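*Asks:* A single structure is presented below for examination.
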Amino acid sequence: MPEPLDVIADTLRGRILRGLQAGTLQNGDRLPSARDLVGEFEVDHRAILTAYRELAAEGLVELRQRGGIYVAIDHRHDGGVPLLPRDWIIDVLAQGLTREIPVPELCEWFRRSTETLRLRAAVVTSTSDQVHGICRELRDDFGLEADGVISKDLPPGAILPLSIRRADILLTTEAHAAAVRKIGDEVRRPVIVIAVRPDLIIGDWVLLLRQPVYAIVATSAFGDMIRSFFSGVPGVENLRVMVLGKDDLSTIPDDAPTYITQGVREQLGGVALHGRVLPAARTISPETAREILDFIVRSNVEAMRTLVR
């Protein structure tokens, strides 16, 4: 099914930004042409070129006449963070004015829409690697207080742990959706089933797996999940999964891209490792992110209404 233009632009934007963060792309690198991406997006190359033009308007890429498409050299400010597109900022501010919200007050409305309440999330998954990774993402990207529970620690009929009983929302993966929805009904809490970002395979890791890549995990079970997840990806033979406390991490080459799960990061503390450590990857899909944001904003707006009654 053909991808809408905004989805193509969002996919390309995220792929470029994450590539820069992971070191698989550099400023000035040439990007795939619009014709190269026709098979992936199943649209005419002109639609992909239009998406690239949108990224060029943001200052993220450079379109050279008869020369190709490149990562823009001057697209970051001194702190290394990508600049927000000016047109997007202007649109947001203008939409605020149409709703009678003055520009100086808009930032305060955003803050109150996400921070009026201190919301808690409980994450239920199979392994400690998943628990730590999802909890980190919920804390860092959404501002939620997050605690995790490994599914085997929830036997049928057992007393639910405090982290679940005091949570405002429960999150889990598809493997545990039915069980967690039942728990959600019991404690009268909403449940969100997390979907993994689809471009994680076709984008970031396709680039990484052109060379040996090391993944350091806390449990063999999560190592097996990673191997299964990437089983159909070209270059999967370059994936080297290593378990903390079991495999010799000193054998990792100094320049090898190395992904470390959040659970391992917390166990290691400040211990330096061999390899070029990759930044933590976002795994939550845009659709799931929107569900989480919908819950956060609705909860906060309702709280604001209650306060002014």
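*Asks:* With θ set to phi - 60° and the Karplus curve 6.51 cos²θ - 1.76 cosθ + 1.60, what are the ³J(HN,Hα) couplings of the stretch 8-14 in order, to the nearest whole Hz, using x for Gly and Pro?
*Replies:* 4, 5, 4, 5, 5, 4, x
*Asks:* I want to verify a result. In a Gaussian network model of the chain, Cα cutoff 10 Å, which of these has the top mean-square fluctuation: 256, 272, 47?
*Replies:* Maximum fluctuation in the GNM of the chain, among the listed residues, is at 272.
*Asks:* Now a separate question. What list of whole percents do you get for P(r) of the chain, with Cα-Cα distances grouped in 10 Å bins up to the one holding the largest distance?
*Replies:* That works out to 5, 21, 29, 27, 15, 3, 0, in percent per bin.
*Asks:* A further question follows. What's the Kirkwood radius of the stretch 14-75 in Å, using all Cα pairs?
*Replies:* Computed over Cα pairs of the stretch 14-75, the Kirkwood hydrodynamic radius comes out at 11.9 Å.
*Asks:* Order of 128-140, 86-98, 288-300 by packing, highest average Cβ count within 10 Å first?
*Replies:* Going by the mean number of other Cβ atoms within 10 Å, highest first, we get 128-140, 288-300, 86-98.
*Asks:* Can you give the calculated 222 nm mean residue ellipticity of the chain, where each DSSP H run of n ≥ 4 adds -39,500 (n - 2.57) and the sum is split over every residue, rounded to the nearest 500 deg cm²/dmol?
*Replies:* -13000 deg cm²/dmol
*Asks:* Between 251, 50, 283, where does the largest GNM mean-square fluctuation fall for the chain, given springs only between Cα atoms within less than 10 Å?
*Replies:* Comparing 251, 50, 283 in the GNM, the peak value goes to 251.
Computed from the coordinates by the stated procedures, all read-outs in this text should not be read as laboratory data. What you are looking at is a predicted structure, and each value in this text was computed from that prediction instead of being measured. Reconstructed Cβ throughout: ideal geometry from the backbone, glycine too, with neighbour counts over all protein chains shown.
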